[in-house]
């Protein structure tokens with residue numbers, strides 16, 4: 001999990017679309033697990049925000065197709 005918490009913005013930008021989308025799914029799942037087990041989830045939520053921001057940029061730039069979004 002610490003690998004996900006220590007992602008830099010440069011590392012996020014260097015991810016290809018499939019890596020970005022799969023990492024978002026993993027972080028989302030871990031946030032849910034943390035909340036379910038009543039553990040702190042803020043660090044994961046912060047990482048999710050950076051990942052989702054990059055995803056939104058790529059969608060707006062047309063770099064992520066409709067099929068990839070699902």
* Given 0.36 nm per residue, what is the gain on full extension from residue 36 to residue 4 after removing their alpha carbon distance, in nm? -> 9.6 nm
* Asked: Quick one, which of (1) 38, 24, 15; (2) 107, 11, 7; (3) 38, 28, 12 is the actual Cα extents along the principal axes in Å calculated for this model?
  -> (1)
* Asked: So how tilted is helix 42-60 from the main axis of the chain? Cα-based, degrees 0 to 90, rounded to 10.
  -> 10 degrees
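No lab work stands behind these numbers, since they all come straight from the coordinates. Please read these numbers as outputs of a predicted model, since none were measured by experiment.
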